[in-house]
Structures are given as structure tokens and as C-alpha cells.
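Taken together, the values in this text are just the output of simple stated rules run on the coordinates, not laboratory data. For clarity, every value in this text was computed on a predicted model and none was experimentally measured. Counting neighbours? That spans all protein chains shown, and the Cβs are built from the backbone with ideal geometry, glycine included.
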Amino acid sequence: MPISEKSSSGNNNNNKRLVVKKLFAKQQHEGFGAVVRRSIGRFELRYFDPFLVLDEFSVSAPSGFPDHPHRGFETVTYMLEGEILHEDCEGHKGVIREGGLQWMTAGKGIVHSEMPSSNANGITHNKGLQLWINLSAKHKLVEPSYQEMESKDIAESEKDGVRVRVIAGEWNGVKSSICTRTPTMYLDFTLSPGSRISQPIPLHWNAFVYVLQGQGHFGDAKSQHLAATSHHLLILGLGGDRLEAWNNSDSGLPLRFILVGGEPIGEPMVQFGPFVMNTQEEIDETIDDFENFTNGFEKARHWKSQAASALGLF
């Protein structure tokens, strides 16, 4: 459900979004030897409609995320450093390289793996973000699909010490070509020392900030504001139409963070690990489908990823 912020203003159109919750993403182990910093999808914040999980992950061969299923939502993988090899039971295979993006709609079902690619080019550290976005009931059982972009194809803009990579949505007239089934904005900001932004956010959308580098202030410079450093998630309250953020750190270092917003779905949500549906009955059906290789999981019966097989994981 949306986390709200009380305001005394009428339509609130001139108000800033304030930070109502701050979380530090601690390290935890996931997959096969991988390390993630999970901020959404943990005990303190199970679900922030429509966002299910946000992981900042770090993997080095031979660790990774071997063969596993999904149903009912989308995964957005954004590489910050290194590269990840992706394979699935439908025969799709590719590499997500540094600065690149994969927007995967799992829909009715997919089994895939995400493992570090060959280290032939000297890559030893592979870091990125993975965001899970819920789908509405009408989209949960669509056919799986992908939108993939190399770093050079992601829309960028730079002005007054602010550099923005537009993953989804738009900034200052620069638009992403990514199509989002659940209306979503995903912006990667880098602010040089002394610079600031005032970024519009649709009034009724839920939104958050995740800090990747440096230290910044978020909120309203004239009233409440909050300082945050790397690995902190900031939940923005409702009641305003924009985020103000600025880099006034005396360290001389840039501030880098993502701003993500989405239209709440407002439907019942039941999650069982990598399966996200609307009812427990649908979750039970999904488990049966996966175990019996039916209704979307047929091609997973005899499939094993090359990367995981090479490591002797199966």
C-alpha cells in the first residue's frame, strides 16, 4: 500500500516529496555464492506497490544466480560494472554489459540463469541492480518477453552539473524507449558538487531513491531534508509532485543515485519466492505448473543453462 505523508496544502501540486523512511541495505548471500544488498523485499519493507524487490548485487565467477523460475512480474537488471550472461529455457541468451539494461517480463513463466560471463577480458567484479516490478492481474500470464539495451543506446542528458541516464520515463524532454506494462520511471542521476535537481513525479505514484555513490540531501531545502550515503534506500512520501535533491557535500565527490517511481497496482498480492500472484490458489497452481512443467514451464523440463552446467551445479 502507498506510504502517505500528511500535508496542509490543498492540491499539494507545489509541495516537495519528503523522505518518510530510510533503510540501509545490509549485505546478504543469495543464489550461488552471490552477495546482495536488499532494500525492498526484506523484513522491514516487504512490498512497496508496485515494487517487490530491489537488490544491489555483486558476483564474481564462479558465483551467480543459476537456473531459477519466475512468474507474475518483471525483472529489471541494470549493470553498473562488469557483465552478466543471461540464458533461459526459451532459448534466449545474451550478455548484459556494463551500463546496459535488460527489462524482462516473466509473465506466465520462465526459467533462467544469470551468471558472470567469461573473464577473458579481465573482468573480476560484476555489480548491478535488479528491480522486481509487479504486474496487474491482467498482465500476469502474458507471454515472456525482453527489452534489452546496450549502454550506448540508453538515453542520456547533461545540464548544469547534472547527468541523467533515462532507463524508463523521461527527464528534461529526453525519453526512454522502454515500454512499461506497469507505468514506471527509472532515472540514474549523477550530481557534481554544488548541483541540484527538482524532478517531477506523478502525484499519486509511489517513489524511492537508492544512493549508489557519495552523499546527498533529499527533500525540501526550505524545510525538512535528509542526508544519505551509499547503500541507503529513501522512501518518498505522497503529497508532493517532485523530488528535490542536491550535492552539497564538502568531499568534492559526485553524488549518484537512482530515482524510481511507479503507479500503484492496488490489487491483492501473494508472493512465494519467485512467484507473485493475486491469490494463494494462484500460487498453488503456479507451484503445480512449475513442478509438472505445464502452463508456461513446458520447455524447462529438459533444460539446463550452459553456465550452470559448466560449473557442475546440476
Check: K26 versus E156, label points 7 Å from Cα toward the beta carbon: distance in nm?
Finding: 3.7
Checklist line | Net charge over other residues, Cβ less than 14 angstrom from the Cβ of E282 (K, R count +1; D, E count -1) | finding: -2
Check: Rg to Rh for segment 255-311: what is it, with Cα atoms only and Rh by Kirkwood?
Finding: 1.16
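Between T229 and S177, 0.36 nm times their residue separation minus their Cα-Cα distance comes to what? Let's see the in-between values first.
Values: separation 52, 0.36 × 52 = 18.72 nm, distance 3.04 nm.
Full extension of this stretch gives 15.7 nm more.
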Notebook entry, point to check: Regarding segment 155-267, what are the three Cα extents along the principal axes, ordered largest first, in Å?
Noted result: 43, 29, 24
Item checked: Distribution of pairwise C-alpha distances over segment 86-214, 10 Å bins, in % -> 10, 35, 36, 16, 3
Check: Can you list residues whose amide H is under 5 Å from E30's amide H, if they're 5+ apart or on another chain and H is modeled 1.01 Å from N?
Finding: V35, V36
Margin query: Show me, for segment 97-107, the HN-Hα J-couplings you get by feeding each phi into the Karplus relation (A = 6.51, B = -1.76, C = 1.60, θ = phi - 60°), rounded to Hz, glycine and proline as x.
Written below: 9, 3, x, x, 9, 10, 10, 9, 9, 5, x
Check: Where Rh denotes the Kirkwood radius from the mean inverse Cα pair distance, what is Rg over Rh for the chain?
Finding: 0.97
Check: Where the centroid of each part is defined by its Cα atoms, how far is segment 226-299 from segment 131-179 in Å?
Finding: 15
Item checked: Rg and Dmax of segment 23-154, Cα atoms only, in Å -> 14.4, 44
Margin query: Angle check, please: helix 280-292 long axis (alpha carbons) against the longest principal axis of the chain (alpha carbons), in degrees 0 to 90, nearest 10.
Written below: 40
Check: Which part of segment 131-151 falls in the paramagnetic zone of D288, meaning amide N under 20 Å from the point 7 Å along Cα-to-beta-carbon?
Finding: 140-142
Note to self: Rounded to two decimal places and with Rh computed the Kirkwood way over Cα pairs, what is Rg over Rh for segment 198-314?
What the structure shows: 1.18
Notebook entry, point to check: In deg cm²/dmol, rounded to 500, what helix-only [θ] at 222 nm does the chain give when every DSSP H run of at least 4 residues adds -39500 (n - 2.57) and the total is split over its residues?
Noted result: -1500 deg cm²/dmol
Margin query: What distance in nm lies between label points placed 7 Å from Cα along the C-beta direction at E81 and E44?
Written below: 2.4
Check: Using 7 Å Cα-to-Cβ label points, what is the H204/S251 separation (nm, one decimal)?
Finding: 3.9
